[in-house]
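The values are calculated or read from the model by the stated rules, or taken from the named source; none is laboratory data. As the structure is a prediction and not an experimental result, all values here were calculated from the model. Positions of Cβ are backbone-derived with ideal geometry, glycine not excepted, and every protein chain shown enters the neighbour counts. Accessible surface is based on the protein model in full, side chains and every heavy atom, while ligands, DNA and RNA are left aside. Shrake-Rupley method; radii C 1.70, N 1.55, O 1.52, S 1.80 Å.
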Amino acid sequence: MPLRIAHSRGYRAVTGARRSARGHRARHDAGCPVPGSATGARGRRGRARNRSRPFRYPWRVTTSDARSDLAGAPGTDAPTPPDTAVRLTAGDTEVTVLPDEGARLSSLRIKGTELLRPGDRFGSFVMVPWCGRTRHGEIRDGGRVHQLPVDAGPHAIHGTVRRRRWHTAAVDEHSAAMVVDLSDPWPWPGRVTQTVRLAEDGGSLTLALGVETSGDSFPAQAGWHPWFLRRPIPDGPEARIDFTPAWQEERGSDHIPTGKRVSPVPGPRDDCFAMPDGVDVTVEWPGLLRLRITSRAEWVVVYDEQEEAVCVEPQTGPPNGLNTHPRLVTQLEPLEVTTTWSWETLG
């Protein structure tokens with residue numbers, strides 16, 4: 001059954017948001033912070049830096065016979081049975097998504113060839129509400145400091161939703177939509193939506209993330225962390241990464257950017273790169289397949305230090321960006337970002 005897309009503001013009716021929109025916009029135009037803003041003027045500067053808003057994406061995606069709400073979804077009190085794996089197919093392509101494991105893509109198989117790594121660090125996972133490392137797990141909000149759990153040495157890494165159980169809101173042959181609530185240890189309530197859409201000809205995959213607040217505004221980031229097999233075929237060609245960033249963020253000894261821009265250096269890498277015109281990276285397995293990763297997000301982390309896999313991670317801000325490049329999520333301006341992976345077989 002085709003997906004029916006219903007636009008909403010999640011926790012608030014869109015009509016209510018419209019009634020207050022004029023007053024909020026007037027305060028923005030006058031240079032005043034929106035009521036409930038976590039960071040005031042700092043958020044406006046962060047928002048100006050971020051242009052990852054390709055289109056207004058749906059916050060609620062339903063089929064015609066879906067429930068009218070998300071009662072029992074993760075983050076609510078009512079229990080729900082586990083969601084099973086979601087499999088999308090088109091042409092010679094198969095995609096598998098695991099809602100019980102962070103809405104992670106566990107498989108991308110093109111003409112029988114698996115591109116995503118299996119095992120412990122596997123598939124492609126969602127990074128929300130921050131990407132990469134946040135220094136010492138601290139979010140600095142004016143004079144306040146919010147502490148996140150540290151899980152990567154002294155830092156907090158990759159957000160809070162990648163191991164959560166998501167709720168499958170809708171699915172058809174080519175598309176799926178999943179949601180999860182933001183809750184403790186994240187200090188602000190909100191909701192995250194991921195949609196996965198496989199092109200009808202099986203030639204591309206589009207992922208979209210939306211982050212919305214149910215109360216006060218807050219800084220956030222969104223992105224994806226795919227683990228691509230270095231050699232999809234044993235003894236086959238090795239992945240080659242090609243891209244032209246504007247600059248590389250200098251990485252400190254603590255793996256946090258120092259704030260200094262440097263010329264890109266050869267790998268191996270675990271580094272963040274700026275692409276102000278949008279992420280555009282090619283991963284090619286010579287003679288086998290060429291994969292192009294694009295996004296209007298302006299940042300990408302490339303990680304190719306491991307023997308078995310390489311990672312190309314489009315995201316809306318650099319590591320520790322909640323503090324250095326804050327982008328506010330407000331009632332009127334959720335954070336939205338998409339990435340499209342397209343491919344062609346070679347040889």
ask   = Among (1) under 20 Å from the mean Cα position of the chain (by Cα); (2) charged (D, E, K, R); (3) at pLDDT below 95, where does Asp254 come up short?
value = (1)
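Residues that are hydrophobic (A, V, I, L, M, F, W, C), over 18 Å from Ala199 (Cα atoms) and at pLDDT 95 or above, at least 2 per element: which strands (runs of 3 or more DSSP E) completely within the range 44-146 meet that?
Values: elements: 60-62, 86-90, 93-98, 104-110, 124-127, 138-141.
Correct list: 124-127.
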task = Mind listing just one residue for me: the one in the range 225-240 that is touching a Cys at 6+ places or on another chain (Cβ under 7 Å) and not aromatic (Phe, Trp, Tyr) and, of those, surrounded by the most Cβ atoms within 10 Å (Cβ to Cβ)?
result = Pro226
message = Could you go through the range 185-192 and let me know if any residue there is open to solvent by less than 10 Å² (accessible area, probe 1.4 Å), closer than 30 Å to Gly287 by Cβ, touching a Leu at 6+ places or on another chain (Cβ under 8 Å) and in contact (Cβ under 8 Å) with a residue 24 or more places away in the chain.
response = no
inquiry  = Which condition from (1) in contact with a Phe, Trp or Tyr (Cβ under 8 Å, 6 or more places away or on another chain); (2) closer than 16 Å to Val312 by Cα is the one that Ala222 breaks?
reply    = (1)
key: Pair list, Cβ under 9 Å, 6 or more apart: the range 148-164 residue farther than 18 Å from Gly102 by Cα and open to solvent by less than 30 Å² (accessible area, probe 1.4 Å), other residue polar (S, T, N, Q) and outside any strand (DSSP E or B)   = Leu148/Thr160; His155/Asn320
query = For the range 196-224, how many residues meet the condition of being open to solvent by 10 Å² or more (accessible area, probe 1.4 Å), under 16 Å from Thr339 (Cα atoms) and in contact (Cβ under 8 Å) with a residue 40 or more places away in the chain?
reply = 4
